[in-house]
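Quick notes on the structure that follows.
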Amino acid sequence: MLLDSLIDKATQEGIYTVAVAAAEDAEVIEAVVDALDRNLAHFILFGDKEKINSLIEMKKHELINSNKLKIVHAGSIANAGELAVKAVSNNEANVLMKGNVPTNILLKAVLNKEYGLRTGNVLSHAAFFEIPGYNRFTIVTDAAMNIAPDLEQKAQIINNTVSLAKSVGIVTPKVAPIAAVEVVNPAMQATVDAAALTIMNKRGQIPGCIVDGPLGLDNAVSALAAEHKGILSEVAGKADILLVPTIEVGNVLYKSLIYFAKAKVGAVIAGAKAPIVLTSRADSAESKLYSLALALCCIKK
């Protein structure tokens, strides 16, 4: 199992600490308990201490007095986000994880000029899917952060995602900028950007990967579809990374893979000083665990 292999890899990377913002959430606590059982990481849980302890006790797990777990009371959800971000900024933790806190509140702390996790780069979301019938990861970016990225932002999103892919062992990621057609049409900005990104890659402006587009989704993932259309490409049919043109496309593709294809997923935010686990509050504990393992694998040594 691809995502299970990330858990195995994360346990070999050394013991890191994860700061969880607003940890008073049953699915988050379940993921934390599972991670502790697997010796994945240590945790600092920020939030309502009484509620967090209550959720841990419901799991009937002896974690409250564990030296692998620390609980820090926060007076509000916003305060929990601020404290968790500060813990990462001050090197008390290596990964930031979203708990029961709205994304906009956590990102406000992440982007704070005084104590946040800014690097000057674009922050972008990358989802690593394990899809039944496929023997490799399908990585979708960006389905959660950038609404309608321009050419420069797309180049940075590729750089972010390539770095993540390399962290899990994909030596030379193949990147497909996705569009509705495979030819450049000036009326379709996605095709124009895809062609520009391809040229930028060939000229060394986007290193460490192979970019080719525009490609339709079918030609990006199916060698048979690419052959049928006469597309000759190092990426067609073998894409590791699917670069979507807008957040709507990414969001629909993300949810389609989960609900229709029954895919499993782990996802992180890249481009900050440290990996950020920014799963949806509706995501399962399993998905949160996979995302956590992915983030741990992607810590820059």
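Structure summary
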| quantity | calculated |
| --- | --- |
| Matching residues in region 40-56 - criterion: being of a type outside the set (A, V, I, L, M), under 21 Å from the mean Cα position of the chain (by Cα) and open to solvent by 10 Å² or more (accessible area, probe 1.4 Å) | His42 |
| Counted residues, region 1-27 - those being open to solvent by less than 10 Å² (accessible area, probe 1.4 Å), under 25 Å from Thr138 (Cα atoms) and touching a Gly at 6+ places or on another chain (Cβ under 9 Å) | 2 |
| Filter result for the condition that a residue is under 29 Å from Lys300 (Cα atoms), in contact (Cβ under 8 Å) with a residue 60 or more places away in the chain, open to solvent by 10 Å² or more (accessible area, probe 1.4 Å) and outside any strand (DSSP E or B), over Ala144, Ala165 | Ala144 |
| Every residue from region 255-277 that is buried (at least 22 other Cβ atoms within 10 Å of the Cβ) and within 15 Å of Phe128 (Cβ to Cβ) | Val265, Gly266, Ala267, Val268, Ile269, Ala270, Pro275, Ile276, Val277 |
| Residues located in region 18-38, provided they are of a type outside the set (Val, Ile, Thr), touching a strand residue (DSSP E or B) at 6+ places or on another chain (Cβ under 9 Å) and either outside any helix (DSSP H, G or I) or farther than 11 Å from Lys288 by Cβ (or both) | Ala19, Ala21, Ala22, Ala23, Glu24, Asp25, Leu36 |
| Given (1) open to solvent by 70 Å² or more (accessible area, probe 1.4 Å); (2) among the hydroxyl-bearing types (Ser, Thr, Tyr); (3) within 30 Å of Ser89 (Cα to Cα), number of the condition Tyr134 does not satisfy | (3) |
| Residue check for Ala261: among the hydrophobic types (A, V, I, L, M, F, W, C), closer than 15 Å to Leu123 by Cα and assigned to a loop (DSSP other than H, G, I, E, B) | no |
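Yes or no, residue by residue, for (1) assigned to a strand (DSSP E or B); (2) farther than 23 Å from Cys297 by Cα; (3) within 14 Å of the chain's Cα centre (by Cα); (4) acidic (Asp, Glu):
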position: Lys86; (1), (2), (3), (4): no, no, no, no
position: Asn104; (1), (2), (3), (4): no, yes, no, no
position: Glu114; (1), (2), (3), (4): no, yes, no, yes
position: Asn121; (1), (2), (3), (4): no, no, no, no
position: Val140; (1), (2), (3), (4): yes, no, yes, no
position: Ile157; (1), (2), (3), (4): no, no, yes, no
position: Gly169; (1), (2), (3), (4): no, no, no, no
position: Val175; (1), (2), (3), (4): yes, no, no, no
position: Ala180; (1), (2), (3), (4): no, yes, no, no
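The values are calculated or read from the model by the stated rules, or taken from the named source; none is laboratory data. Because the structure is predicted, anything quoted here is derived from the model rather than measured. Don't worry about glycine lacking a Cβ; one is built from the backbone with ideal geometry, like all the others, and counts go over all protein chains shown. For accessibility, only protein heavy atoms count, side chains too; no ligands or nucleic acids. Shrake-Rupley method; radii C 1.70, N 1.55, O 1.52, S 1.80 Å.
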